[in-house]
Amino acid sequence: MLVLFETAAGYAIFKVLDESKLQEVDSLWKEFETPEKANKVVKLKHFEKFQDTTEALAAATAMTEGKMGKSLKKVLKKVVAKEAHEQLAISDAKLGGVIKDKLNLSCVHSPAVAELMRGIRTQMEALITGLPPREISAMSLGLAHSLSRYKLKFSPDKVDTMIVQAISLLDDLDKELNNYIMRCREWYGWHFPEVGKIITDNLAYCKSVRKIGVRTNVATTDLSEHLPEEVEAEVKLAAEISMGTEVSEEDIANIMHLCDQVIEITEYRTQLYDYLKNRMMAIAPNLTVMVGELVGARLISHAGSLLNLAKHPASTVQILGAEKALFRALKTRRDTPKYGLIYHASLVGQTSAKNKGKISRMLAAKASLAIRYDALGEDTNAEMGVENRAKLEARLRHLEEKGIRRISGTGKAMAKSDKYQHKSDVKVYDPSGDSTLPSVSKKRKFEEVEEEELATPVTVKTKKSKKDPVEEPEVSTAAEETPKKKKKKAKKAEAVEEAMDVKDEEEEATVSPTEKSSKKKKKKRKVKEEEGE
C-alpha cells in the first residue's frame, strides 16, 4: 500500500512495510512513538518538492476544494501509475474519487488511514530526509498566509472595513457639529441675539460671525461673500437696534476660535462624504444605485461586512436597524415593523404613507440581490442596479396612480367607481335650545302634586270593537279631487264622529278608582292631624 502525504514543502509518497499493523487502529499510535519505530512501519518512496510559494498555494487550494492539481497529477503518473496494483491511501475521500475517475487508481480512506497520517505527521522530520525543521516551519507559515489571503479574496479595492469606519466617523462628526454650532449660537447670542434668527444656515452663520467679530463692526463689514444682499441688509439693520450685552475682546476671540473649528469640521465632513461615495461605488455599485451611499454604508456597517450582509435574506434587510421594535412587537403580539434603515432610501421617502410598506418590501428584495451580486460577483458594473431601480420606479408610479385592475371580467379594464354626488339635508333651526331655564321646576310641593292627581282622572281602556273604525283618515294632499272621493271622505268623517261620541259616553259611565282611593287618604290624614293636636 502506498500513502499520499501532503506537506507545505511538497508531496511525499510512502510505502507501508507492514500492513497488518493497520488493522489495530487503537494501538497504531504506539508504532510512531519514536523515529526508529516509525521507519519500521513506513518508508519514503518519493518526494516532489514545490518550486515556489505560488505552486504550493495552487496545490493547497486544489486540495482544500477536493480537486487534483497539476503537480499532484504529475506525481501520481510518475510514481503510482507504475504500481497500479497497489492501493493508494489518502486523507480526503472526495479527492480519492477524483483520482479514481481520472487515473483509474484504487484509493482507500478509512479511520486506520487517518491514524496513519497522524502518525506520519508526528515523525515527519525523521521520515522525510533533506528538509531541516526551520525550513519546513518557514514554508508552512508562508503557505498559511498565502492560503488565508486567497480564501478571503484579499483586494485593496474590496475592503469594506473602510466603509464601516467612514460611516461611523461621519455620524460622529454630525453629532459634534450639532453640539458645536448650538454652543456657538448660544454663546454669540448673548452679544448679538438677532443674527441667529436672520441667518439660518449654520456654516454661513459661523463664517459671518468670524468676519463680523464685535457687533459694532457690522456697518463697516462686507458680508456679500457669505450672505445674499437682502439678508446682509437685515443683519446691518438689526445690529443698530440690538438688545445684546457688551462682551470683551477675549470673549470674541474664543467665539471666533470655535467658529474656526466648526468651519474646519464642516469642510472635513464634505471631504469624508466624497470619499465614502467613491468607496461605495467601487465596492457595492449596485447597492449604491438602489438605496444611496449613506443607507448602503449603514446597512454594511450594521451587518459587519458586505459578505455578512449578503448572507441575510430580503426580509432581514428590510427591517435591519429596527430590531428593538421587532422584538418588542413579537413580545407584545402586535404588528411587526415594516422597515428599518431602508426607510431613509429615496424611493421609500418619496412614497405616500399607505404604500411605504409595499415599496420597502420590494426595495429590500431587489437590494438583497444587488448586495449578493456586489459581494460574490466578479463584475463591478452597476447595470443590474440601474435596471432594478427602473422597475421599482415604474411599480411606484403604478401604485401612486391607483392603477388597481379589476379581478373579474377583463383584466385589462380599470376598476370603475361611481361619481361622487354630495347630498346634504337642509336643517331647520331649533329655537328650543335658546332658553337655559328649566321648563318645569324641579321641586314641587306635595299638595300641588296631589291636586294634579285629583284633577286628572285615570281613563280605563275599553276593548275596541272590530266594527268601530279606530284609524284616523289620511289627509289628502292632492290639489283637485274628484266628486266620488269627496263623498267617500264625507261618509268616513261621519262614521268617525259617531265612534267618538260612543267613546265619550263610555268614559263618563266608568268611574275611576283612583278618585275613591285619594278621598280615603285625605280622611286618614285629617284624623292623624287632629290626634296630633
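Observations
- Residues in the range 71-86 that are buried (at least 16 other Cβ atoms within 10 Å of the Cβ) and modelled with pLDDT of 80 or more: SER71, LEU72, VAL75, LEU76.
- Single match in ALA310, ALA238 (criterion: in the same structural domain as HIS191 (by the TED database) and among the aliphatic types (A, V, I, L, M)): ALA238
- Near pairs, Cβ below 6 angstrom, 6+ apart or cross-chain, from the range 102-113 (open to solvent by 90 Å² or more (accessible area, probe 1.4 Å)) to any residue that is assigned to a loop (DSSP other than H, G, I, E, B): HIS109/ILE90; PRO111/VAL25
- Across the range 33-46, not a single residue is classified as open to solvent by less than 50 Å² (accessible area, probe 1.4 Å), free of Cβ contacts under 8 Å to residues at least 40 places away in the same chain and under 56 Å from the mean Cα position of the chain (by Cα).
- Among residues of the range 63-87 that are farther than 26 Å from LEU22 by Cα, those with a Cβ under 8 angstrom from a residue that is basic (Lys, Arg) and not in a loop (DSSP other than H, G, I, E, B), sequence gap 6+ or separate chain, pair up as MET68/LYS102; LYS73/LYS102.
- Condition check for GLU264: assigned by the TED database to the domain that holds LEU170, surrounded by 19 or more Cβ atoms within 10 Å (Cβ to Cβ), of a type in the set (Asp, Glu) and assigned to a helix (DSSP H, G or I): no
- In the range 143-235, counting only helices (runs of 4 or more DSSP H) that sit wholly within it, the ones holding 3 or more residues that are of a type outside the set (Asp, Glu) and surrounded by 16 or more Cβ atoms within 10 Å (Cβ to Cβ) span 161-189, 202-212.
- Checking the range 326-345 against the condition returns a match, with at least one residue being open to solvent by 20 Å² or more (accessible area, probe 1.4 Å) and touching a residue at least 40 places away in the same chain (Cβ under 8 Å).
- The set of residues in the range 119-133 that are open to solvent by 50 Å² or more (accessible area, probe 1.4 Å) and either under 55 Å from the mean Cα position of the chain (by Cα) or closer than 25 Å to ASP26 by Cα (or both) comprises ARG121, THR122, GLU125.
- Any pair with Cβ under 7 angstrom, 6 or more apart, that starts in the range 1-26 at a residue that is under 28 Å from ASP52 (Cβ atoms) and among the small types (Gly, Ala, Ser) and ends at one that is open to solvent by less than 10 Å² (accessible area, probe 1.4 Å) and not in a strand (DSSP E or B): ALA8/ALA56; ALA12/ILE128
The values are calculated or read from the model by the stated rules, or taken from the named source; none is laboratory data. A quick note: this is a predicted structure, and the numbers were derived from the prediction, not measured. Reconstructed Cβ throughout: ideal geometry from the backbone, glycine too, with neighbour counts over all protein chains shown. All accessible areas refer to the heavy atoms of the entire protein, side chains included, with ligands and DNA or RNA removed. Shrake-Rupley method; radii C 1.70, N 1.55, O 1.52, S 1.80 Å.
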